[in-house]
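Written below as structure tokens is the structure these notes are about.
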Amino acid sequence: MIHASGDLDEQLTAAAEVSAPRIVVGVMLDTEDPGDEPLVAVTLPAAWGGAPVCARFVSAEALYEARTEYEVPGDLGTGTALLEFATRHADALLALHAEEFAIALSRGRCADAGTEFAAALWRSVDPSADDEVRVLVNGLGATEVYAWVAAPDGGFDISCRIPPNGSAVAFDHVCALPRDQLAVGEATQIEINRISFGAPQRPEIIKLWN
């Protein structure tokens, strides 16, 4: 297990209190047979060895929000690692549907911009067979959201959908990216594009490690 380098800064409120609007609020893998413990796991890239990692957590309606940092060991090794997640609100989080909770693990300090992501696992260490990475997006009022995925052949677009529970406060679109079309062992550039009533908004560019 990789332990947090400080306390978990978390809050559970009766009304939404989003600390700051972010476009990418979660990067996650679906899991097989989610358990009844608030486990957070990730397969960290070797390039992240010895670096700090910021973890941000938010529920769809933004009633729960938390963040903490980890210091990744230099001798990272391979495989999936558990991350310490000492929440005081496990019951509330476990009651959420899988698509009602977002985790974003980004390289660097939480004070940094955080544009490099590794996909998190929630309540299990085993990803599901659908083999997709879900990028959870706050469209900030966009009427259409799509992702452009860089690839050697020039890249491709993926339309992002509204979650089954409808548009929420913290995120309102899900971009499902096929893992077999992402680079292995290196970062893939992803461009999140938002369109508001026909007008393109400034794209959000991230790197996703697979």
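Quick notes on this one:
- Residue check for Asp112: acidic (Asp, Glu), surrounded by fewer than 17 Cβ atoms within 10 Å (Cβ to Cβ), assigned to a loop (DSSP other than H, G, I, E, B) and touching a residue at least 60 places away in the same chain (Cβ under 8 Å): no
- Criterion (in contact with a strand residue (DSSP E or B) (Cβ under 8 Å, 6 or more places away or on another chain), of a type in the set (A, V, I, L, M) and under 16 Å from Asp30 (Cβ atoms)) met by exactly one of Leu121, Leu140: Leu121
- Screening Ile103 against (1) part of a strand (DSSP E or B); (2) surrounded by fewer than 19 Cβ atoms within 10 Å (Cβ to Cβ) leaves a single unmet condition, (2).
- Among the candidates Ile195, Ile206, the residue that is at pLDDT 95 or above and either of a type in the set (Ser, Thr, Tyr) or farther than 25 Å from Leu82 by Cβ (or both) is uniquely Ile195.
- Note on the range 185-210: residues that are outside any strand (DSSP E or B) and within 18 Å of the chain's Cα centre (by Cα) amount to 3.
- Residue in the range 160-175 that is part of a strand (DSSP E or B), closer than 27 Å to Trp48 by Cα and touching a strand residue (DSSP E or B) at 6+ places or on another chain (Cβ under 8 Å) present: yes
- Looking across the range 189-204, the residues that are under 12 Å from Tyr146 (Cα atoms) and hydrophobic (A, V, I, L, M, F, W, C) come down to Ile190, Ile192, Ile195.
- Within the range 134-167, the set of residues being at negative phi, of a type in the set (A, V, I, L, M, F, W, C), modelled with pLDDT under 95 and surrounded by fewer than 21 Cβ atoms within 10 Å (Cβ to Cβ) comprises Ala151, Ile162.
- As a summary of the residue check, Gln201 satisfies the conditions (1) closer than 27 Å to Ala46 by Cβ; (2) crowded, with 16+ Cβ neighbours inside 10 Å; (3) at pLDDT 90 or above except for the one numbered (1).
- Residue check for Thr87: under 25 Å from Asp172 (Cβ atoms) and either basic (Lys, Arg) or in contact with a strand residue (DSSP E or B) (Cβ under 9 Å, 6 or more places away or on another chain) (or both): yes
- Residue in the range 39-55 that is touching a helix residue (DSSP H, G or I) at 6+ places or on another chain (Cβ under 9 Å), touching a residue at least 24 places away in the same chain (Cβ under 8 Å) and either in a loop (DSSP other than H, G, I, E, B) or not charged (D, E, K, R) (or both) present: no
The values are calculated or read from the model by the stated rules, or taken from the named source; none is laboratory data. Given the structure is predicted, the values throughout are model-derived calculations rather than measurements. Neighbour counts run over all protein chains shown; Cβ positions are idealised from the backbone, glycine included.
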